[in-house]
Amino acid sequence: MRMMGIESSCDETAVALIENDRVVASRVATQEIHSRWGGVVPEIASRLHQKTLSRMAQETLDDAGWSFEDLNGISVTRGPGLIGALLVGVSYAKGVAAALNIPFVGVNHLEGHLWASVADGEEMPLPALAMIVSGGHTELYRLEDFGNYSFLGATLDDAAGEAFDKVGGLLGIPYPAGAKLSKLATEGNSKRFHFAVAHTKSPLDFSFSGLKSAVLREVQKAEDSEDPVFRADIAAAFEASVIKQLSQRVDEALRGGDYKSLLVGGGVAANRALREKLEQVSKKRHAKFLVPPISLCTDNAAMIAYVGMRSLRERGEDSLSLEADPNLTLVEEN
Ligand code: KG4
Ligand code: ZN
């Protein structure tokens, strides 16, 4: 079975090809232009997807030595995300499916992040505790099996990646700031500032807006906020606080459950210090630690092709009348 996956929900245009649970080719083009505005400009994102997608699909097929006629199905992110951006990918995928008369599958972007760590053949013992930490989401789920998820907790305000981007903005780091802020943090002293971990009524919820305000207060107080040592120390203390909060919640959930795996996905899962800490926690709680390679943490189409293929096998194809849904959630109670 050969499937093409397409991702265009935000500012990455991505195409991947998968053959029986093996990623054969994967391309991602990040729209760098948004850093000028400090965040994604929806109209520009849609236009750039439109410009890039069909060329990229052909290039990805060339990488694999395949042609369109080799495909047995096409899958695409149908939500959540920016509606204009989603529509570009969904319309394209429907067009290909109709032209080739092959199955069309709409994929939930969050389900893609959930399964990214096994997209290339890794085993996942179940049940698993899953944490999605991205620019738009910070959520915990219990994962019983493919398609069987229950909601455990989520951020009450900002997502973890959003906090990295906003604090990065305060330190003059262009959007998206996560990776650069984390690099700066390696040069800093995380003990110089103490940023407390937020308390939430449910122990499995998250909150990052107080942390962001605490950083803002230190930046406003600083005599020289351009000082490289100050910036690195703030970055280190901020990152330490985010990692502490994420790992505390994960530890709490693992402690009270029968989980065989811990899986983490989304852009912030690319953070090395977070990966190390979560690996320690999963070892302590005897759960297999599953995290995607760095390239599959941020938005990509390999994870969409993987979920597309499993959906096609286990749930069947979708109708071409299926619509993009900018507010799609993973589970109803959410
Ligand atoms: O999953 P993703 O590509 O897009 C969404 O679906 O949101 O995640 C992007 C987010 C951005 O907020 C970015 O700053 C953050 O992931 N990010 C990181 C790192 N790499 C990307 N945050 C912390 N450390 C990193 N190394
Ligand atoms: Zn994402």
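Please go through region 67-114 and pick out each residue that is within 21 Å of the chain's Cα centre (by Cα), surrounded by fewer than 19 Cβ atoms within 10 Å (Cβ to Cβ) and small (G, A, S).
Within region 67-114, G84 is the sole residue that qualifies.
Quick one: H109 ticks every box in (1) within 15 Å of ligand 2 (Cβ to nearest atom); (2) at pLDDT below 95; (3) not β-branched (V, I, T) except a single one, so which number is it?
Unmet for H109, out of (1) within 15 Å of ligand 2 (Cβ to nearest atom); (2) at pLDDT below 95; (3) not β-branched (V, I, T): (2).
Looking at this structure, is V40 under 19 Å from the mean Cα position of the chain (by Cα), within 12 Å of ligand 1 (Cβ to nearest atom), modelled with pLDDT under 95 and open to solvent by 30 Å² or more (accessible area, probe 1.4 Å)?
Details: under 19 Å from the mean Cα position of the chain (by Cα): yes; within 12 Å of ligand 1 (Cβ to nearest atom): yes; modelled with pLDDT under 95: yes; open to solvent by 30 Å² or more (accessible area, probe 1.4 Å): yes.
Against the criterion (under 19 Å from the mean Cα position of the chain (by Cα), within 12 Å of ligand 1 (Cβ to nearest atom), modelled with pLDDT under 95 and open to solvent by 30 Å² or more (accessible area, probe 1.4 Å)), V40 qualifies.
So A45 fits all but one of (1) within 27 Å of L263 (Cβ to Cβ); (2) surrounded by 20 or more Cβ atoms within 10 Å (Cβ to Cβ); what number is the exception?
(1)
So that you can scan it fast, the table gives a plain yes or no per residue for (1) under 21 Å from S209 (Cβ atoms); (2) polar (S, T, N, Q):
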site	(1), (2)
V229	no, no
I234	yes, no
A273	no, no
V281	no, no
F289	no, no
E317	no, no
S321	no, yes
L328	no, no
E332	no, no
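Could you list, in sequence order, the residues of region 291-313 that are closer than 15 Å to I6 by Cβ, outside any loop (DSSP other than H, G, I, E, B) and either of a type in the set (G, A, S) or within 15 Å of ligand 1 (Cβ to nearest atom) (or both)? It would help to see each step written out before you state the result.
Residues of region 291-313 closer than 15 Å to I6 by Cβ: 299-309, 311-312.
Then drop every residue that is not outside any loop (DSSP other than H, G, I, E, B), which leaves 302-309, 311-312.
Answer for region 291-313, where residues must be closer than 15 Å to I6 by Cβ, outside any loop (DSSP other than H, G, I, E, B) and either of a type in the set (G, A, S) or within 15 Å of ligand 1 (Cβ to nearest atom) (or both): A302, M303, I304, A305, V307, G308, S311.
Kindly indicate whether S54 is open to solvent by 40 Å² or more (accessible area, probe 1.4 Å), at pLDDT 95 or above and among the hydroxyl-bearing types (S, T, Y).
Values: open to solvent by 40 Å² or more (accessible area, probe 1.4 Å): yes; at pLDDT 95 or above: yes; among the hydroxyl-bearing types (S, T, Y): yes.
It is true that S54 is open to solvent by 40 Å² or more (accessible area, probe 1.4 Å), at pLDDT 95 or above and among the hydroxyl-bearing types (S, T, Y).
Out of the residues in region 225-252 that are open to solvent by 40 Å² or more (accessible area, probe 1.4 Å) and more than 23 Å from V281 (Cα to Cα), state the one that is modelled with the lowest pLDDT. Give the steps one after another, and end with the answer.
Taking region 225-252 as the starting set, the residues that turn out to be open to solvent by 40 Å² or more (accessible area, probe 1.4 Å) are 225-229, 231, 240, 244, 248, 252.
Of the ones still in play, those that are also more than 23 Å from V281 (Cα to Cα) are 225-229, 231.
Numbers: S225: 78, E226: 83, D227: 89, P228: 90, V229: 94, R231: 96.
Filtering first and then ranking leaves S225.
Take region 264-290 and flag every residue that is buried (at least 21 other Cβ atoms within 10 Å of the Cβ) and within 14 Å of ligand 1 (Cβ to nearest atom).
Across region 264-290, the qualifying residues are V264, G265, G266, G267, V268, A269, A270, N271, L274, L278.
Given the conditions (1) over 27 Å from R285 (Cβ atoms); (2) exposed (fewer than 14 other Cβ atoms within 10 Å of the Cβ); (3) of a type in the set (G, A, S), which single one is not true for G256?
Looking at each condition in turn, G256 falls short on (1).
Any idea which residue in region 119-160 is surrounded by the fewest Cβ atoms within 10 Å (Cβ to Cβ), counting only those that are within 16 Å of ligand 2 (Cβ to nearest atom) and in a loop (DSSP other than H, G, I, E, B)?
G136
Every residue in region 46-61 that is under 12 Å from A29 (Cβ atoms) and not charged (D, E, K, R), please. Full working, then the answer.
Step one: list which residues in region 46-61 are under 12 Å from A29 (Cβ atoms), which gives 48-49, 51-53, 55-57, 59-60.
Matches in region 46-61: L48, H49, T52, L53, M56, A57, T60.
Can you tell me which of L184, L216 is away from ligand 2 (no atom under 16 Å from the Cβ), open to solvent by less than 40 Å² (accessible area, probe 1.4 Å) and part of a helix (DSSP H, G or I)? First the steps, then the outcome.
Working: L216 fails: open to solvent by less than 40 Å² (accessible area, probe 1.4 Å).
Sole residue among the options that is away from ligand 2 (no atom under 16 Å from the Cβ), open to solvent by less than 40 Å² (accessible area, probe 1.4 Å) and part of a helix (DSSP H, G or I): L184.
Out of curiosity, is T200 under 20 Å from T138 (Cα atoms), in contact with a Ser or Thr (Cβ under 9 Å, 6 or more places away or on another chain), crowded, with 18+ Cβ neighbours inside 10 Å and not aliphatic (A, V, I, L, M)? Outline the logic, then answer.
Working: under 20 Å from T138 (Cα atoms): yes; in contact with a Ser or Thr (Cβ under 9 Å, 6 or more places away or on another chain): yes; crowded, with 18+ Cβ neighbours inside 10 Å: no; not aliphatic (A, V, I, L, M): yes.
So T200 does not fit the description; no.
The values are calculated or read from the model by the stated rules, or taken from the named source; none is laboratory data. Please read all numbers here as calculations on a predicted model, not as lab measurements. Note that we place each Cβ from the backbone using ideal geometry, even for glycine, and neighbour counts take in every protein chain shown. Note: areas computed on protein heavy atoms with side chains; ligands, DNA, RNA excluded. Shrake-Rupley method; radii C 1.70, N 1.55, O 1.52, S 1.80 Å.
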